[in-house]
Amino acid sequence: MIELRRWSEGDFPLLERNNTPAQTEHIGGSETSEELERRHQRYLASAEPGRTRMFAVLSDGQAAGSIGYWERLWRDETVYETGWAIFPEFQGRGIARGAAAALIEILRRERLHRFLHAFPAPENLPSNAICRGLGFRLIGECDFEYPPGHLMRSNDWCFDLQGAGE
């Protein structure tokens, strides 16, 4: 069973566990302790439903990673962006896919923006497969700034929250 729980003060270790070279290879590399603490504080403050929220991903009650959404201006339109990070020992079990499906349902109920985008690196095959499997439409490759000041090549996947879904 996959559950999303709102990010809390005790979730800092989730960031630390995902801050390895292998886990961050597609998103600009590991962060310093100070950067992780700033990220944690942003996640704690990201509690505005319909605008931005972060969640711990639980699998059968065990912390398995994180997922969230936030607003961004993309190609002159305000959309949602999502991203996830699942611990290696939980990968390959459908947990990220289940978490992303649960997030889509949350956003459909919030009914603020029509589109949800994900921007995995083209070589991040598992994240691209999750997008494809959930019914995101591949717009194409694009240059994407992440982390700030660093351009990376990404796939732009788009999900229509007002569409029929899976």
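Summary table below
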item	result
Selection count, the range 62-106, where residues are within 17 Å of PHE12 (Cα to Cα) and either of a type in the set (A, V, I, L, M) or outside any strand (DSSP E or B) (or both)	6
Qualifying residue in the range 125-140 (condition: basic (Lys, Arg) and under 14 Å from the mean Cα position of the chain (by Cα))	no
Search result, residues across the range 57-83 that are crowded, with 21+ Cβ neighbours inside 10 Å and hydrophobic (A, V, I, L, M, F, W, C)	VAL57, ALA64, ILE67
PRO148, sole failed condition from (1) over 22 Å from TRP7 (Cβ atoms); (2) part of a loop (DSSP other than H, G, I, E, B); (3) free of Cβ contacts under 8 Å to residues at least 12 places away in the same chain	(1)
Among the candidates ALA56, ALA99, residue that is closer than 19 Å to ARG42 by Cβ, modelled with pLDDT of 95 or more and either under 15 Å from the mean Cα position of the chain (by Cα) or not basic (Lys, Arg) (or both)	ALA56
Lone qualifier among ALA118, ALA129 - being among the aliphatic types (A, V, I, L, M), surrounded by 13 or more Cβ atoms within 10 Å (Cβ to Cβ), at pLDDT 95 or above and out of contact with any strand residue (DSSP E or B) (no Cβ under 8 Å at 6 or more places or on another chain)	ALA129
Of all residues making up the range 89-104, the number that are in contact (Cβ under 8 Å) with a residue 40 or more places away in the chain and either among the β-branched types (Val, Ile, Thr) or touching a strand residue (DSSP E or B) at 6+ places or on another chain (Cβ under 6 Å) (or both)	6
Residue satisfying all of: in the range 13-38; under 16 Å from VAL57 (Cβ atoms), in a helix (DSSP H, G or I) and of a type outside the set (A, V, I, L, M, F, W, C); modelled with the highest pLDDT among these	PRO13
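Residues are listed down the side, and each one gets a yes or a no for (1) part of a strand (DSSP E or B); (2) out of contact with any helix residue (DSSP H, G or I) (no Cβ under 9 Å at 6 or more places or on another chain):
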{"site": "HIS113", "(1), (2)": "no, no"}
{"site": "LEU116", "(1), (2)": "yes, no"}
{"site": "PRO120", "(1), (2)": "no, no"}
{"site": "GLU123", "(1), (2)": "no, yes"}
{"site": "ASN128", "(1), (2)": "no, yes"}
{"site": "CYS131", "(1), (2)": "no, no"}
{"site": "ILE139", "(1), (2)": "yes, yes"}
{"site": "CYS142", "(1), (2)": "yes, yes"}
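The values are calculated or read from the model by the stated rules, or taken from the named source; none is laboratory data. Note that the structure is predicted; figures quoted are calculated from it, not measured. Cβ sites come from the backbone with ideal geometry, for glycine too, and all protein chains shown count toward neighbours.
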